[in-house]
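Asks: Take a look at the following structure, please.
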Amino acid sequence: MLTMGLAAEEADVTSIGLLPGRTDTDMLATICNEGTDSMDPATYDTFKKGRDEGSIHAPDVPAKAIVALALHARGEQWNGRNVLWNDADVQRLV
């Protein structure tokens, strides 16, 4: 909603929201190490399983998408959108 509102109010700004997916960060390490005490067990299990199986990507993966969007995404086709890091339109820019 913020992305669309900013796009509507600021014509000189291209506003894009990026959903980075599950990324292997310090926050994820904290979730996996300490989450058993404070999280729903099913939710905790999805994070832990993803980390253990290697299905959670490194931070450079969404970072490449962020850089590509910052450098190349312009115009109405992008403005106000929320996109996944692996969206086909984003990956064409990477």
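Asks: Please identify every one of the GluC sites (Glu not before Pro) in the stretch 5-66 that sits in a loop by DSSP and has no more than 12 other beta carbons within 10 Å of its own beta carbon.
Replies: Details: sites: GLU9, GLU10, GLU34, GLU53; in loops: GLU10.
Passing sites in the stretch 5-66 are GLU10.
Asks: Under Stokes-Einstein, with the Kirkwood radius over Cα pairs standing in for Rh, what whole-number D in µm²/s applies to the chain at 37 °C and 0.692 mPa s?
Replies: 220
Asks: Name the residues whose placed amide hydrogens come within less than 5 Å of the amide hydrogen of LEU84, ignoring near sequence neighbours (fewer than 5 apart) on the same chain.
Replies: Here LEU19 satisfy the definition.
Asks: To continue, here is another question. Could you work out the helix-only [θ] at 222 nm for the chain, with each DSSP H run of four or more residues adding -39,500 (n - 2.57) and the total divided by the number of residues, to the nearest 500 deg cm²/dmol?
Replies: Working: 5 runs with 49 residues, N = 94.
Rounded to the nearest 500, it is -15000 deg cm²/dmol.
Asks: Under 15 Å from the Cβ of TRP78, count the other residues' Cβ atoms, weight Lys and Arg +1, Asp and Glu -1, and hand me the total.
Replies: That sum, taken over residues with Cβ under 15 Å, equals -2.
Asks: Could you work out how far apart the two model spin labels at THR36 and ALA11 are, taking each label as a point 7 Å from the Cα in the direction of the beta carbon, and quote it in nm?
Replies: Each label point is offset 7 Å from its Cα along the Cβ direction, giving 5.8 nm.
All of the numbers you see were taken from the coordinates with simple rules; none came from a lab. Because the structure is a prediction, the values reported are computed rather than measured. With ideal geometry, Cβ positions are generated from the backbone for all residues, glycine too; neighbour counts draw on all protein chains shown.
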